[in-house]
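The structure under discussion appears below in the form of structure tokens.
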Amino acid sequence: MLLRLRQPFGLILNPAKAVIRRRTAAGFSALLLMLSACGKPAPDLPNDAYVWQRRWTPAVQEALSASADAVRAWRVLIAEMSADGRWFDAAPDLAALVAARRPVIMVWRLDGRVDALNVEDTAARIATASHAWRAAGITPAGVEIDYDCATSKLPAYRKFLTALKSRMGSDSALSITALPTWLNSPELDALLNVPDEAVLQVHAVLNPTQGLFDGKRAQSWLDAFAEHTRKPWRVALPAYGSRVAWDDEGRVAAIESEQPALRPGGRASELVVAPVAMAAFVDQIHQSRPRGLAGIVWFRLPTARDERAWSLATWRAVLTRQPLQPALRVDAQAVAEGGSQDLVLSNTGNADGALPFIVRWNGACRGADGINGYTLERDDAGQYLRRAQDGLLRVGSQRQIGWIRCDTPPTTFHVQP
């Protein structure tokens with residue numbers, strides 16, 4: 001049949017045969033288009049971003065403007081309910097959101113420890129905020145409820161969402177965040193059937209001692225979540241780090257991320273996700289896309305003042321799936337007095353890089369020490385600096401990590417990941 005269809009169409013004297021051949025040719029052309037489409041890779045997953053800052057400083061406004069071309073929609077924190085049921089309003093800059101020209105989704109965060117959720121009060125607050133946004137020139141693209149509750153509360157949460165959606169009306173889309181801990185609940189399917197979409201959070205859901213993000217576990221959660229919903233859903237990925245402090249009894253005392261929150265005493269460690277590792281995970285889910293996955297939501301929008309978020313340039317490179325090439329090197333800089341040299345780590349690449357684990361140098365030195373997350377160690381090969389705290393070095397940034405005092409200053413430094 002293919003051979004006959006590929007034969008050239010010449011002069012045809014029989015009109016009936018001409019019609020048949022024209023229809024056959026049209027059908028074959030359609031088939032070719034279908035086959036061609038099947039051979040094309042699926043388009044990249046669109047990127048949303050959480051704007052989670054409570055105060056909209058000029059740095060937030062600048063980041064919003066500089067990132068709008070790479071983002072499908074903003075998910076903006078508008079208010080939070082504390083564990084005792086009190087509301088605290090954020091203050092998003094509506095003019096900046098209007099200027100960014102992207103859909104905006106209102107996010108209402110409810111503390112997971114709250115047991116009784118007031119539908120009437122929540123619906124009234126959403127209606128009031130929506131009216132104010134429309135008056136400012138923003139038509140909300142939807143409402144998202146962020147309620148990280150215990151699995152045992154899912155039946156009550158479903159009833160709350162059902163009542164809330166009925167009060168919101170059919171013209172307003174409802175989204176919720178979901179946790180991997182809910183995957184084993186028989187209530188999950190019924191819960192996910194209420195909102196129009198869900199966002200599965202796969203970061204900061206483990207014990208802090210296990211890190212901020214685990215790619216293998218995240219992939220298994222995505223695959224499992226796809227089996228529980230028949231509606232579009234997205235995955236929330238991290239573009240930030242956190243510092244966790246433990247008290248003397250080993251309990252988490254505070255977590256510092258977008259806001260300073262550390263208490264004195266105890267011990268602390270930095271939890272980071274290297275952009276290179278996250279870019280690899282994004283490639284992975286594009287190559288083996290779970291059913292129904294409609295996009296990625298990044299937490300959170302980086303700014304120039306956000307010390308624990310990626311740099312804006314690196315974040316954009318991950319969003320647009322550009323090659324990431326951090327370039328970390330150590331140089332010795334002479335100190336005016338004492339004959340010492342400062343060891344300065346710099347990143348001259350195009351992406352933020354994880355702090356190297358070990359820094360060595362050639363030659364022996366009379367004195368040396370590490371600072372800013374590095375300690376001095378010794379083995380059979382001599383002295384070296386070892387990373388004691390994880391972290392990232394932003395593009396174009398420098399960090400002093402130690403000092404040395406040598407009769408013959410070293411000429412070569414070796415950086416080991």
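Looking for whichever is within 30 Å of THR229 (Cα to Cα) and either surrounded by 15 or more Cβ atoms within 10 Å (Cβ to Cβ) or in the same structural domain as ALA198 (by TED's automatic domain parsing) (or both) here; the options are ILE371, ILE296. Which one fits? Before you say what the answer is, go through the steps one by one.
Values: ILE371 fails: within 30 Å of THR229 (Cα to Cα).
Just a single option satisfies the conditions, and that option is ILE296.
Kindly indicate which of ARG378, ARG387, ARG394, ARG405 is loosely packed, with under 14 Cβ neighbours inside 10 Å and outside the structural domain of PRO302 (by TED's automatic domain parsing).
On the way: ARG387 fails: loosely packed, with under 14 Cβ neighbours inside 10 Å; ARG394 fails: loosely packed, with under 14 Cβ neighbours inside 10 Å; ARG405 fails: loosely packed, with under 14 Cβ neighbours inside 10 Å.
Residue meeting the stated conditions: ARG378.
Within the range 346-353, can one find any residue that is among the β-branched types (Val, Ile, Thr), more than 25 Å from ALA277 (Cβ to Cβ) and in contact with a strand residue (DSSP E or B) (Cβ under 9 Å, 6 or more places away or on another chain)?
As a first pass, look at the range 346-353 and keep what is among the β-branched types (Val, Ile, Thr): 348.
Applying the additional criterion that residues be more than 25 Å from ALA277 (Cβ to Cβ) yields none.
Taking every residue of the range 346-353 in turn, none turns out to be among the β-branched types (Val, Ile, Thr), more than 25 Å from ALA277 (Cβ to Cβ) and in contact with a strand residue (DSSP E or B) (Cβ under 9 Å, 6 or more places away or on another chain).
This table checks each residue for (1) modelled with pLDDT of 95 or more; (2) outside the structural domain of ARG234 (by TED's automatic domain parsing); (3) under 22 Å from the mean Cα position of the chain (by Cα).
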site: VAL51; (1), (2), (3): yes, no, yes
site: ARG54; (1), (2), (3): no, no, yes
site: GLU62; (1), (2), (3): yes, no, yes
site: VAL71; (1), (2), (3): yes, no, yes
site: TRP87; (1), (2), (3): yes, no, no
site: ASN118; (1), (2), (3): yes, no, no
site: THR122; (1), (2), (3): yes, no, no
site: THR128; (1), (2), (3): yes, no, no
site: ARG134; (1), (2), (3): yes, no, no
Next item on the list: Could you give me the residue pairs with C-beta distances under 7 Å whose first residue belongs to the range 142-156 and is under 21 Å from ALA173 (Cβ atoms), whose second residue is of a type in the set (Lys, Arg) wherever it lies, and which are 6+ apart or on separate chains?
Entry: GLU144/ARG75; ASP146/ARG109
Checklist line | Total residues in the range 109-130, condition free of Cβ contacts under 8 Å to residues at least 12 places away in the same chain and closer than 15 Å to PRO92 by Cβ | finding: 1
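The values are calculated or read from the model by the stated rules, or taken from the named source; none is laboratory data. In this text the structure is predicted, and so the values were computed from the model without any measurement. Because the Cβ atoms are built from the backbone with ideal geometry, glycine has one as well, and the counts that use them run over all protein chains shown.
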